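**Student:** Here you go, one structure.
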Amino acid sequence: MSAKRKKTHHKTRTPKTPLRKTLHLIRLTSFTIGFLILLFLFHLLILGVPDQLTQRITAKIRENGIPLHIDTIRLSPQQGWTLHNVRLYSSSPDDIQPLFHTENLYISIRPTNWRAPTTSGWTLSLNGKNSAISLGNTWNTTLHADNPFRTLENLDATLRIQNKQLRIEHSELLFGGTRIRTTGQTTFAKTTTSACPDIQAQIAQIANIIGTSSKETKPELEIDFNIDPAAPNKTSIHANIRNLRITHNDLTLNNTSLKLALNKNNLTAKNIIAKINNAGTLTGNAEINLHSKTWKTELHASGAHPDPIGALVGPALQKWIDRATFTNQAPDIHINLSGGPKQSIKMDGTLLAKNLTTTGGPLETLRVDMAYSNRLLSLTKINATLGSQQFDGTVQIDFAQKLAKFDIRKNELPLKTIARILAPTRKNPLEHLTINGPITSKAHGQIDYKTWTNHIIHGTLHAENISAKNIHAETFTSQIYCNGTQLNFTNTTIQLCNGTLNGSAEFDIHPSDNSAQYHIQASAAKLDIQQIPQKIQTQAKGILSGTLDLTADAKKGFWNTAQGHGHINIEEGHLAKIPFLGGFSHHIAGTKIFSITTLTANYELSDGKLQSETIQLGGTLLSAQAKGNYSPKTGLDFRLRAAPLRATREDKNWFHLHLWSADALKKTTAPIFELLEFDLKGTLKKPKWRMKVLPIEISKLWKIY
């Protein structure tokens, strides 16, 4: 019984030996596999993926249309796989530098669907810093060396690749100081063409214009796109931009925000809002046709200087803008702009300004409706006010021909204000003219500011309370005509000194021989001599009438060039206050019985002299006849002979009785009055009288010399 038990016990223990061996084998196999896995992971961590496998991976990626090169791939415990020296190239052989280059790119890759990894595609998570960006040779040469858009500072993106299609599920970049969030998809074609150098240059220029972000706020850009190189018409891009800073020349746009949309070939920018030079606000829309490269904008600038318009259109317009300053209140501008590679810039809009200062002086309000095309600026409506004074007209400026055509329907502004605006650097005679009263004028024509020889002007002018140096006029009315360089004032009437001056004048305003000729024809009626400024006369009295026909040259000197003639008549006068006449009237015959009350003469101007052969002086008891000349160089040279009762008042009723008495007195006193013949020498301020028939000692004794 015991033996039987022993045998039974032996049989129950025999199966345990194979099981133990199996378990031991399993443990050994698991350890080996785990050790190999650890060894493989150690190899991936330290040495990376074998080169042959790396080359097979990159070749597979390039077969899918992505020209990617990777030196080594290593496993990172924290961030998945680490790709070293990653270069993404374009398909163009001209682009030597890679589009994207980074030393370390961290990537996590997994099948989009673990159940069908070969058909569902792959999902990649990318992370990198300080990656170099190059969009082609033109991009590299156009972009400034220190431009922040050469470096992608931070990259954090989730991508999905399937069937040669790249889908960006999420992307956040820090590029050029701008935060960019992107979603979208694109298809990699087997063959692609390189980007057009012109487009590369334009993108680089835009990158140069976009300034670096401020420390306070970072620009933000949200992009959603769908790009299919095989079907460009299906391409679309939508973007929202905020807090962007743009600089171009002297123009700075801060806190710029807009919405971009690219559909087919049309790129639109809507809801543009920006601060201009930290002063005014810019709002509007823009549209660009990428195929024809034409563009147009609708902009509204409030509280901003119009300098950006001049910077965009060109220096010719900027010169006219510079003639106004808006220190008190910036203008309000509505403007539409358009252009293209084969088109000149076109512009139309309205400018409203208050309390501005021009080169001609201040203005309270200014409204200008303007249009620009083909170097032709049309100011179709100009309204300006200064107090109660108004200006209403149109101006058309041809920058190519340098002609300014105008039609002034109403002007009450000072003439020198208009002249300073039109030609701020040129001297004009209106600078010496002051108008203190109301002014009304109308004119149309053109001004040639290229050669200053092709002017055409037709206009009328009426002004009140005018002063020019020491001369004051109550009113001035004239018709103005200019043809070429000849400026004419016709049908001119001037009310001054209680009398009237009528006539015409002609001026050569830009002669070719460096002269300044003018021709004046005038007739004066009943001017009160006493109201003539004392610097011109010395308290004499009388009523002056006369005529003048004069030609002279202002640049060569009046006395050197004056040619002319005329007539002068003074009545009801007291002319003894005139120095060179008072010496005669006060000292003749040692008495003061000769008071000069009338003067008539015909005169000529020639050879630097004023001369007359028919001077008639009339007084209360005596009269005189004179002839001679005056020249600034030689002074006075006159001979005067007294006669009894030779008054020149031919309009008096008793003239015949007076004349008969004078003839009778002349016959009886002829020997005496032959002695009363005088020579007048010296200057106007120091005249010297001398009796012709008496020695000089007697003349001195009579105090006439």
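The values are calculated or read from the model by the stated rules, or taken from the named source; none is laboratory data. These numbers were taken from a predicted model, which means no experiment stands behind them. As a convention, Cβ positions derive from the backbone with ideal geometry for all residues, glycine included, and neighbour counts pool all protein chains shown. Accessible surface areas use protein heavy atoms only, side chains included; no ligands, DNA or RNA. Shrake-Rupley method; radii C 1.70, N 1.55, O 1.52, S 1.80 Å.
**Student:** In the range 208-225, which residues are modelled with pLDDT of 70 or more and either farther than 22 Å from N163 by Cα or exposed (fewer than 15 other Cβ atoms within 10 Å of the Cβ) (or both)?
**Tutor:** K218, P219, E220, L221, E222, I223
**Student:** I'd like the full set of residues that are touching a Ser or Thr at 6+ places or on another chain (Cβ under 9 Å), open to solvent by 50 Å² or more (accessible area, probe 1.4 Å) and outside any strand (DSSP E or B), limited to the range 254-309.
**Tutor:** K264, N265, N277, N278, H305, listed by residue number.
Residue-wise test of (1) of a type in the set (V, I, T); (2) at pLDDT 85 or above; (3) open to solvent by 60 Å² or more (accessible area, probe 1.4 Å).
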{"site": "A132", "(1), (2), (3)": "no, no, no"}
{"site": "L135", "(1), (2), (3)": "no, no, yes"}
{"site": "T138", "(1), (2), (3)": "yes, no, no"}
{"site": "T141", "(1), (2), (3)": "yes, no, yes"}
{"site": "D156", "(1), (2), (3)": "no, yes, yes"}
{"site": "F175", "(1), (2), (3)": "no, no, no"}
{"site": "R181", "(1), (2), (3)": "no, yes, yes"}
{"site": "P197", "(1), (2), (3)": "no, no, yes"}
{"site": "I206", "(1), (2), (3)": "yes, no, yes"}
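**Student:** Yes or no: the range 549-563 includes at least one residue that is in a strand (DSSP E or B) and over 30 Å from T451 (Cβ atoms).
**Tutor:** yes
**Student:** While we're here: Being under 25 Å from D94 (Cα atoms) and hydrophobic (A, V, I, L, M, F, W, C) is the requirement here; does I180 meet it?
**Tutor:** Taking the combined requirement at face value, the residue does not satisfy it.
**Student:** From the set of residues in the range 23-76 that are open to solvent by 80 Å² or more (accessible area, probe 1.4 Å) and not in a helix (DSSP H, G or I), which is modelled with the lowest pLDDT?
**Tutor:** So the residue we want is L47.
**Student:** What number of residues in the range 422-471 are at pLDDT 90 or above, closer than 27 Å to K319 by Cα and exposed (fewer than 15 other Cβ atoms within 10 Å of the Cβ)?
**Tutor:** The total comes to 1.
**Student:** Now for a different question. When you scan the range 367-400, how many residues do you find that are more than 17 Å from A353 (Cβ to Cβ), open to solvent by 30 Å² or more (accessible area, probe 1.4 Å) and not in a strand (DSSP E or B)?
**Tutor:** Result for the range 367-400: 4.
**Student:** What about K526, is it open to solvent by 40 Å² or more (accessible area, probe 1.4 Å), among the basic types (K, R) and within 25 Å of R426 (Cα to Cα)?
**Tutor:** no
**Student:** Here is a further query. Could you grab me the full set of residues in the range 507-523 that are surrounded by fewer than 17 Cβ atoms within 10 Å (Cβ to Cβ) and charged (D, E, K, R)?
**Tutor:** The answer is D513, and nothing else.
**Student:** Now, a different point. Name the single residue that is surrounded by the fewest Cβ atoms within 10 Å (Cβ to Cβ) among those in the range 311-366 being closer than 21 Å to L282 by Cβ, in contact with a strand residue (DSSP E or B) (Cβ under 6 Å, 6 or more places away or on another chain) and among the β-branched types (V, I, T).
**Tutor:** T325
**Student:** Continuing with the same structure: Residues E169, E153, E103: which one is in contact with a Ser or Thr (Cβ under 6 Å, 6 or more places away or on another chain) and of a type outside the set (A, V, I, L, M)?
**Tutor:** E169
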